[in-house]
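The values are calculated or read from the model by the stated rules, or taken from the named source; none is laboratory data. In this text the structure is predicted, and so the values were computed from the model without any measurement. For neighbour counting, all protein chains shown are included, and Cβ atoms are generated from backbone atoms with ideal geometry for every residue, glycine included. Heads up: the accessible areas ignore ligands, DNA and RNA and are worked out on the full protein's heavy atoms, side chains in. Shrake-Rupley method; radii C 1.70, N 1.55, O 1.52, S 1.80 Å.
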Amino acid sequence: MTPVPIFRGRVIGLVGAMGLMLTPFAWMLATSGMQELEVFQNPPALWPSVWQWRNYRGALTAQPFDHYFLNSTIVASLVVAGQLVTSATAGYAFARLEFRGRSTLFMICLSTLMVPPVVLLIPRFLLVDRLGWVDSYAGLASTELVSVWGVFLMRQAFRQVPRDLEDAARIDGAGPWRIFWSVAIPLVRPALATLALFAFLDAWKSLLWPLIVTRSLEMRTVEVGIASFHSTYQTNWPYQMASAVVAIAPVLLVFLFTQRYLIQGLHLTGMKE
């Protein structure tokens, strides 16, 4: 008889946690359809009295959001491609190749995760500025092409690949690169999909670095464009929330295409050595 109350308590707890997580998104959606003054009425409205669809058209045409979306798409694609290449190659090297100082080098890489990203903003900007990449796609994407978390994820994934398969390919005459590309990579596709999803999310929602490294209106990303409503329209909340709702759409689409790999890919990071 005791498992039933425990099960009900867990369900109630999960429903409550889900409600807390969805509340900001529900508020954002409701605000996107309100009139500008309706947001500030007392008591606050939980849902617009008349849905204002023109907020979406007005928000997306008040600024060149089509160009912002293009910039974010290009930067996110470069970051995803870069992290997939660097994380897969470095992860395979740490998992399979024998070289002096491998464990020490891997621990040094992991230790960089303890450094707050904000500490590196000034050195990153000085480096990008010295290279002449300020206000360019190279400046936006170059500092995000390597992910230490991605290297760790791929290392754990490659360690789960049976060595017998690699030994069989080696006996058949396959070289290290052939083994990596034809044997190991197909077996870690869930981890690659997980890495691609998180890399895309990080690049798409990035605000501070694009805000620092871009100067012109043409190089702004979606997040910088949404934040600019504070200065341009003196905090026009319906416009800002409408543009935020539209900005979430690509994230949801990417998640729908990769969700079947997500849990399996994350599971690989927790498997024992």
Phi to ³J(HN,Hα) by Karplus 6.51 cos²θ - 1.76 cosθ + 1.60 over the stretch 146-160, Hz, x for Gly, Pro: 10, 10, 5, 4, x, 4, 4, 4, 6, 4, 5, 5, 5, 5, 8
Rounding to the nearest 10 and keeping the result within 0 to 90°, find how far the Cα-based axis of helix 102-111 lies from the longest principal axis of the chain. 10 degrees
If I compute mean projected area of the Cα convex hull in nm² from the structure I just sent, which labelled value in (1) 12.4; (2) 21.2; (3) 15.3 lines up? (2)
Taking a probe of 1.4 Å, how large is the accessible area per residue of the chain, in Å²? 61 Å²
Using +1 at the Cβ of each Lys and Arg and -1 at the Cβ of each Asp and Glu in the chain, identify which of Ser147, Pro24, Gly132 lies farthest towards the dipole's positive end. Ser147
Is the shape of the stretch 83-200 rounded, prolate or oblate, going by the alpha carbon gyration tensor and its root eigenvalues a ≥ b ≥ c, with a/c under 1.5 for rounded and a/b larger than b/c for prolate? prolate
Carbon and sulfur atoms account, in whole percent of the 1.4 Å probe accessible area of the stretch 106-210, for 68 percent
Förster radius 41 Å - calculated FRET efficiency between Leu121 and Arg100 (Cβ-Cβ, nearest 0.05): 0.75
Starting from the stretch 194-225, pick out the trypsin sites (Lys or Arg not before Pro) whose DSSP state is loop and whose Cβ has at most 14 other Cβ atoms within 10 Å. Arg215
Please list 3J(HN,Hα) in residue order for the stretch 112-123, calculated via the Karplus relation 6.51 cos²θ - 1.76 cosθ + 1.60 where θ = phi - 60°; whole Hz, with x for glycine and proline. 5, 5, 7, 7, x, x, 5, 5, 8, 4, 5, x
Going by the alpha-carbon gyration tensor, a ≥ b ≥ c the square roots of its eigenvalues, is the stretch 1-136 rounded (a/c under 1.5) or, if a/c is not under 1.5, prolate (a/b greater than b/c) versus oblate? oblate
Computed FRET efficiency, Cβ-Cβ of Arg8 and Thr86, R0 51 Å: what is it to the nearest 0.05? 0.60
Want the number for Leu207 to Ser182: 0.36 nm per residue separation, take away the alpha-carbon distance, what's left? 5.2 nm
Hand me the chymotrypsin sites (Phe, Trp or Tyr not before Pro) from the stretch 42-131 located in a DSSP loop with no more than 14 other Cβ atoms within 10 Å, in residue order please. Trp51, Trp53, Phe99
Sticking with the crude label model, points 7 Å out along Cα→Cβ, report the distance from Val15 to Ile248 in nm, one decimal please. 2.2 nm
Could you let me know the centre-to-centre spacing of the stretch 48-63 and the stretch 145-168, using Cα atoms, in angstrom? 47 Å
Excluding Leu78 itself, what net charge comes from residues whose Cβ is under 13 Å from its Cβ, given Lys and Arg +1 and Asp and Glu -1? -2
Here the gain from full extension of Val146 to Leu37, 0.36 nm per residue of separation minus their alpha-carbon distance, amounts to 34.7 nm
At most 13 other Cβ atoms within 10 Å and a DSSP loop assignment: could you name the trypsin sites (Lys or Arg not before Pro) in the stretch 37-105 that fit? Arg100
Length released on extending from Met107 to Ala45, taking residue separation times 0.36 nm less the Cα-Cα span: 17.1 nm
Calculate for the chain the 222 nm mean residue ellipticity that helices alone would give, adding -39,500 (n - 2.57) per DSSP H run of length 4 or more and normalising by residue count, nearest 500 deg cm²/dmol. -21500 deg cm²/dmol
